[in-house]
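Each remark here refers to the structure printed beneath this line.
The values are calculated or read from the model by the stated rules, or taken from the named source; none is laboratory data. In this text the structure is predicted, and so the values were computed from the model without any measurement. Quick reminder, even Gly has a Cβ in these numbers, built from the backbone with ideal geometry, and neighbours come from all protein chains shown.
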Amino acid sequence: MKTTIKFTFAALFSATMMLFAGLAEAQTTKEEFLAKWENGKQFTLDVLDKMPETELDFKPDPEAMSFKEQIHHIAESIVGISKGFLKGADDAPAIELATASKADLAKFVAATYDYGTATVKALSDADAAEKIEVFGTTTVSRRQVEALLMDHCTHHRGSAIAYLRFKGIAPPEFVGF
């Protein structure tokens, strides 16, 4: 009987520890994040490519960002969040939006995604796990900031896709992986 109780306790303890160890791991590895990030880069460039240059200033509502501003906002946020919270380098890409052509904007978007890639690659596991205060209100790990950055890019890319649809333009096919 004592052996059965000890065995049951040991099994339950082991199962509990395995459960908590699984929960403590990152949702994705750095390599998985970067693969998805590269996919997001290409998808953003494909969305930009679909909008005719003559329609870049289109906005569905006077209060909304234009298509060009949506795409620019994605790129600028990659730089801002990377520099502000992910230890990004000071030599980040920049662009003058008012005079930027579609080709200039595409080059800028690609450069900012590459900047984000370099920033994430440079973070050690300890840096990624470190808890930091963001936006003066919340304390999260840098890994969570990486997820926020991905979500933010997806959100604004989705808005840009809605703009394409509003203009009767079929968006590029989604590629999940």
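Restricting region 163-177 to residues that are of a type in the set (A, V, I, L, M, F, W, C) and either touching a Ser or Thr at 6+ places or on another chain (Cβ under 6 Å) or assigned to a loop (DSSP other than H, G, I, E, B) (or both), the residue that is surrounded by the most Cβ atoms within 10 Å (Cβ to Cβ) is ILE169. Considering region 96-146, the residues that are part of a helix (DSSP H, G or I) and in contact with a strand residue (DSSP E or B) (Cβ under 9 Å, 6 or more places away or on another chain) include one that is nearest to PHE67 (Cα to Cα), namely VAL145. Condition check for GLY136 on (1) under 19 Å from ILE74 (Cα atoms); (2) at pLDDT below 95: one failure, at (1).
Being surrounded by fewer than 13 Cβ atoms within 10 Å (Cβ to Cβ) and either aromatic (Phe, Trp, Tyr) or in a helix (DSSP H, G or I) (or both) is not true of ALA160. Beta carbons closer than 7 Å, at least 6 apart along the sequence or on distinct chains, pair a first residue in region 123-145 that is farther than 20 Å from LYS30 by Cβ with a second that is polar (S, T, N, Q) and loosely packed, with under 14 Cβ neighbours inside 10 Å for GLU133/THR139.
Scanning region 160-169 finds no residues that are modelled with pLDDT of 95 or more and under 12 Å from the mean Cα position of the chain (by Cα).
Screening region 60-83 for residues that are among the hydrophobic types (A, V, I, L, M, F, W, C) and assigned to a helix (DSSP H, G or I) and picking the one that is surrounded by the most Cβ atoms within 10 Å (Cβ to Cβ) gives ILE78.
Selection over region 116-168 of residues that are over 27 Å from PHE58 (Cβ atoms) and not charged (D, E, K, R) gives a count of 23.
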